[in-house]
Each structure stands twice: as structure tokens, then as C-alpha cells.
Amino acid sequence: GHPGTRINASIEGLWLVGLYLVPLVFRGREWVAFYSQPKFVILHGVALAIAVLWITEIAIKWRDGQGQDSRPLFDRLDGWLSGGTQRWAVISVVGFGIVFFASTLLSPLPWASVWGRDFGDQGYELYSTLSYLVIFGAIALRLRSREQLERLAMVIIGVAVLTSLYGIGQHFGWDPI
């Protein structure tokens, strides 16, 4: 098939796998994790793979002449902004990312703001936040069909059911971990 079709399918597969595994994978008390919580390894890996595929897709479009537009920048921007309300959500997310990046640059401890306080306790540092934004952007910009929406909903429902069953098991003392 066309490279764009394979890239779209790969990006969708990545976001589905990420949405499935990140909530379910964790480091138990007796487990040794050398990098950090396994969920952050998966989160960062999925976001990095999506970003690489996006860059590859853009490079292929530019190579094939599809990414070149001779219209003035403001005309292209106006056409893109009038394309739908979901684009304003993307602009909001990009704005949030820019503000988060600026706050990291102005932080008294930029290293801690980028990578986190320690590698075992991540979540709100720039690296993880940008990972969340990349995955959100991939979903927001590429969710186009009812079938994709159904797959996304099934993953979210499936993870919620498994998490709930584990919580119920913990309540009754059936937690093997």
C-alpha cells in the first residue's frame, strides 16, 4: 500500500497500544525497574515512535511535492483555521505545550523541570507532558472514522474493566502482587 496508509495505521496502532498498556503496566513492590516506572518507558517510547512516524510522513509529503503551498502564509493559516472546530483544540494543546516549555526554560531548576525530580517518580515534567501531548495530537488529528472511534472506545473500556477488576480484587484481598 501507499506509505501514508501504512504510517496512519502504525500511528493508530501505537496510540491504541499506548492507551492499553500505560494504565495497566506498573512496577510492583518486589520488582526491580532500572529506568523508572515501566509505564513511563512505554509512554515515552510510544510518543517517540509517533513523532518519528510523523516526521517521516512530512518528509515523504515534501519529497513528493505535496507539502509545498505557494499561497501566502496568512492565507494558508486562515484556510487551516476555518477547517473545523477541532483545530482550535489542537491550537489550545500547542499553546499549552509552548507555555509548559517556557515555564521549563524559566524554571530555577531547568534540569528537574525537563527530566523530573528523579527517574523513579515521573509524571509532570516536560518530557512526559510532551509525550502526552504528542499522543493526544495523534488521536485528535487522525481520528476520522467511526471504526477508529470504536477501536478507541473498546481500548478505553477494556482498560477500565481490567483496572476495575483489579481494584475489586484488592478490596477483597486477592491481590497477588
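The values are calculated or read from the model by the stated rules, or taken from the named source; none is laboratory data. This structure is a prediction, so every number in the text was calculated from the model and none was measured. Methodologically, a virtual Cβ is constructed for each residue, glycine included, from the backbone with ideal geometry; neighbour enumeration extends over all protein chains shown. For accessibility, only protein heavy atoms count, side chains too; no ligands or nucleic acids. Shrake-Rupley method; radii C 1.70, N 1.55, O 1.52, S 1.80 Å.
Out of T104, T129, which single residue is in contact with a Phe, Trp or Tyr (Cβ under 9 Å, 6 or more places away or on another chain), within 27 Å of R27 (Cβ to Cβ) and open to solvent by less than 50 Å² (accessible area, probe 1.4 Å)?
The conditions single out T129.
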Tell me which residues, restricted to the range 1-28, are under 14 Å from A51 (Cα atoms), more than 14 Å from the chain's Cα centre (by Cα) and of a type outside the set (A, V, I, L, M, F, W, C). N8
Name the pairs: first residue in the range 135-162 and without any contact (Cβ under 8 Å) to a residue 12 or more places away in the chain, second residue in a helix (DSSP H, G or I) and open to solvent by 30 Å² or more (accessible area, probe 1.4 Å), Cβ to Cβ under 7 Å, at least 6 apart or on different chains? L143/L149
The range 45-96 - residue that is among the small types (G, A, S), at pLDDT below 90 and open to solvent by less than 40 Å² (accessible area, probe 1.4 Å) and, of those, nearest to the chain's Cα centre (by Cα): G84
